[in-house]
Amino acid sequence: EFYLVKWRGYPESENTWEPRKNLRCVGLLKQFHKDLEQAWIRRDGKPKKNARWLDQGVANYVVQKAKQRRALWRWERQLNAKRNHKGRIAVENEVDLDGPPRGFVYINEYKVGEGISLTQVAVGCECRDCLAEAAGGCCCPGASRHKFAYNELGQVRIRAGLPIYECNARCRCGAECANRVVQRGIRYDLCIFRTPNGRGWGVRTLEKIRKNSFVMEYVGEIITSEEAERRGQIYDRQGATYLFDLDYVEDVYTVDAAYYGNISHFVNHSCDPNLQVYNVFIDNLDERLPRIALFATRHIRAGEELTFDYNMQGECPPGGPGPTAWGSPGVGSSPLMPSLLPRSGPGGRREHTDGLQPGPGRRPGRLPQEAGADRV
């Protein structure tokens, strides 16, 4: 057996044919034969044993797969170089020849768009033990007349719809405070992977995740709702959107994660999700600009895909409640979003479980405060 070898640091014009005995790269050889087997299966529907030569189509596939793998490896390194969180990011595509998405920039926090400013919090708590003193109304949640959101393990213990107020940069407590969870960033190792059923990229966890644990934030570029409407029309024509309305109290701002975002950019939709959205306030207390945090709704096994309900209403597209790709991760774009979200009800009107209907110009899939979830 002879192998055509591309030598590291040399151009392809310097490739050489080498016998098996000259090669010490056991891992690369195993990967080559795995790719070769997949190439035969793609072409003939079954692996081919003891092939004496490769036809052009099979050879081209193996070469393209090797180039793709290098491109994904470089992208994985870039993502991990840019992350500021503990959890590592892996990238995997064993499905097709698609490489890294073009034009996507990994960021760790909101990118503030033109004409928008974030007002930093002016005061912080004086607590020494925020968890212990929360019962007396001390700490940041109590100051805002809200419940302390976490238990001693950092798991969220308030229902979805209630806001989370974490300690901020002006608080006396330290980095290990029980009320600093979302701001510590992603703690789990996650994998961006190519889904085998045509849903594009997805995200799965490489570690088990406990119920009610923080998993990730949904970050992107903060833009005005007017700009979101303009971009939404463009995204609708492209068949994908990453717009997420920040309408906890007022529909003024939207997060656009199309080109600037973190790993949440690749999380798929499910109407039976394992992640739940919460509004979080830390260094900016403007209720029009919450941070969007995703917490586990149940125990999640290592290797399981992560999903959340883009529409927040539990509506399923035809085919059942499993993970789907309604366009792309995100919510809302143009009114009623006809090309991306399924509809039901008279006249194509989407039914909401809380009995509310989208008004003129209202984008579906937003984050209204939970009914009855008033301040306590």
TODO: Return the residue satisfying two criteria in turn: it lies in segment 152-181 and is closer than 18 Å to VAL123 by Cα and surrounded by fewer than 15 Cβ atoms within 10 Å (Cβ to Cβ), and of such residues it is farthest from the chain's Cα centre (by Cα).
DONE: ARG172
TODO: Taking only segment 100-119 into account, find how many residues are part of a loop (DSSP other than H, G, I, E, B), under 13 Å from ASN284 (Cα atoms) and modelled with pLDDT of 90 or more.
DONE: 2
Open item on the list: Being open to solvent by less than 40 Å² (accessible area, probe 1.4 Å) and either under 20 Å from TYR242 (Cα atoms) or among the small types (Gly, Ala, Ser) (or both) narrows it down to one residue among ALA132, ALA122, ALA149; which is it?
Closed with: ALA149
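Have a look at ARG88, ARG74, ARG42 and point out the one that is surrounded by 15 or more Cβ atoms within 10 Å (Cβ to Cβ) and of a type outside the set (S, T, N, Q). Full working, then the answer.
Numbers: ARG74 fails: surrounded by 15 or more Cβ atoms within 10 Å (Cβ to Cβ); ARG42 fails: surrounded by 15 or more Cβ atoms within 10 Å (Cβ to Cβ).
Answer to the selection: ARG88.
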Task: Index of the failed condition, CYS140 passing every other in (1) surrounded by 14 or more Cβ atoms within 10 Å (Cβ to Cβ); (2) within 20 Å of GLY261 (Cα to Cα) - done: (2)
Task: Flag if LEU97 is within 20 Å of PHE193 (Cα to Cα) and modelled with pLDDT of 95 or more - done: no
Open item on the list: Just to be sure before I move on: is LEU285 out of contact with any Phe, Trp or Tyr (no Cβ under 6 Å at 6 or more places or on another chain), in contact (Cβ under 8 Å) with a residue 40 or more places away in the chain and crowded, with 24+ Cβ neighbours inside 10 Å in the structure I sent?
Closed with: no
Task: Members of segment 50-73 found to be of a type in the set (Lys, Arg) and either in a helix (DSSP H, G or I) or under 16 Å from VAL5 (Cβ atoms) (or both), listed by number - done: LYS65, LYS67, ARG69, ARG70
Open item on the list: Would you confirm whether or not segment 261-270 contains a residue that is among the aliphatic types (A, V, I, L, M), part of a loop (DSSP other than H, G, I, E, B) and either out of contact with any Phe, Trp or Tyr (no Cβ under 6 Å at 6 or more places or on another chain) or open to solvent by less than 10 Å² (accessible area, probe 1.4 Å) (or both)?
Closed with: yes
Open item on the list: One residue is enough: does segment 120-127 have a residue meeting the conditions part of a loop (DSSP other than H, G, I, E, B) and closer than 29 Å to ARG199 by Cβ?
Closed with: no
- [ ] Name the one entry in TYR248, TYR259 that is within 30 Å of ASN80 (Cβ to Cβ) and in contact with a strand residue (DSSP E or B) (Cβ under 8 Å, 6 or more places away or on another chain).
- [x] TYR259
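The values are calculated or read from the model by the stated rules, or taken from the named source; none is laboratory data. Everything numeric in this text was worked out from a predicted model, so none of it was measured. Glycine gets a Cβ as well: all are built from the backbone with ideal geometry, and neighbour counts include every protein chain shown. We work out accessible area using only protein heavy atoms, side chains counted, and drop any ligands, DNA or RNA first. Shrake-Rupley method; radii C 1.70, N 1.55, O 1.52, S 1.80 Å.
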